[in-house]
Amino acid sequence: YKRAFGTWNRALEKAGLGVHSAWGVSDENLIAELKRLNEELGHVPRKGEMENQRRWSGSIYQKRFGSWNEALTAAGFEPNERWRIPREDLLTELRDLTEELGHPPTTSEMLEHGKFTTQPYRRVFGTWRTALQAADPDYLENYRQSDTDTIPFGSD
């Protein structure tokens with residue numbers, strides 16, 4: 001592509017595809033996208049939602065504003081994630097959600113119903129299963145099934 005078009009962005013333009021460079025987008029457009037997503041989703045967007053589904057990745061916001069939380073603040077939102085969540089806060093949330101659901105949450109259930117994403121759990125405990133075991137030391141014994149029911153380990 002470099003020989004034919006000079007740059008990747010020129011190749012994309014010639015192919016009729018949009019160029020998604022962070023350098024060509026204004027802070028105002030990035031903020032407008034956060035606000036649009038807030039309306040669409042019904043909550044302040046999480047960085048992972050930007051990574052998976054949106055026009056610009058969360059890392060572009062992080063580079064432009066210094067951090068994901070700074071981007072949210074610039075858009076007028078309260079940050080929805082804390083970087084250093086105390087271990088006990090994570091365990092309390094996991095236990096509360098387990099009680100609410102009647103079983104340990106899967107990673108999908110944590111993302112849908114939990115106060116935190118699964119990332120802080122992986123950062124602190126290494127794996128989702130280890131977090132579940134830390135919240136309930138009898139986890140394996142209590143939730144291992146002898147029939148074909150699924151053990152709610154999440155996606156680890």
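The values are calculated or read from the model by the stated rules, or taken from the named source; none is laboratory data. Quick caveat: nothing in here was measured; it's all calculated off a predicted structure. Backbone-built Cβ (ideal geometry, glycine too); neighbour counts: all protein chains shown.
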List the residue pairs whose Cβ atoms are under 7 Å apart, where the first residue sits in segment 101-115 and is loosely packed, with under 14 Cβ neighbours inside 10 Å, the second is in a helix (DSSP H, G or I) and not aromatic (Phe, Trp, Tyr), and the two are 6 or more positions apart or on different chains. His113/Leu97
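Within segment 68-80, how many residues are surrounded by fewer than 18 Cβ atoms within 10 Å (Cβ to Cβ) and modelled with pLDDT under 85? Write out each step before concluding.
From segment 68-80, those surrounded by fewer than 18 Cβ atoms within 10 Å (Cβ to Cβ) are 70, 73-74, 76-80; that's our starting set.
Checking the rest, the ones that are also modelled with pLDDT under 85 come to 78-80.
The number of residues fulfilling the criteria is 3.
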With the requirement that a residue be at pLDDT 80 or above, over 23 Å from Phe116 (Cβ atoms) and not in a helix (DSSP H, G or I), what does segment 24-67 give you? Ser26
Can you tell me which condition Asp138 does not meet? The list is (1) of a type in the set (D, E, K, R); (2) modelled with pLDDT of 90 or more; (3) surrounded by fewer than 16 Cβ atoms within 10 Å (Cβ to Cβ), and all the others hold. (2)
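Given the condition more than 19 Å from the chain's Cα centre (by Cα) and loosely packed, with under 15 Cβ neighbours inside 10 Å, answer yes or no: does some residue in segment 82-89 qualify?
Going residue by residue through segment 82-89, those that are more than 19 Å from the chain's Cα centre (by Cα) are 88.
If we keep only those that are loosely packed, with under 15 Cβ neighbours inside 10 Å as well, we get 88.
Yes: one or more hits.
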Look at Thr98 and say whether it is in contact with a Phe, Trp or Tyr (Cβ under 8 Å, 6 or more places away or on another chain) and either at pLDDT below 75 or among the polar types (S, T, N, Q) (or both). no
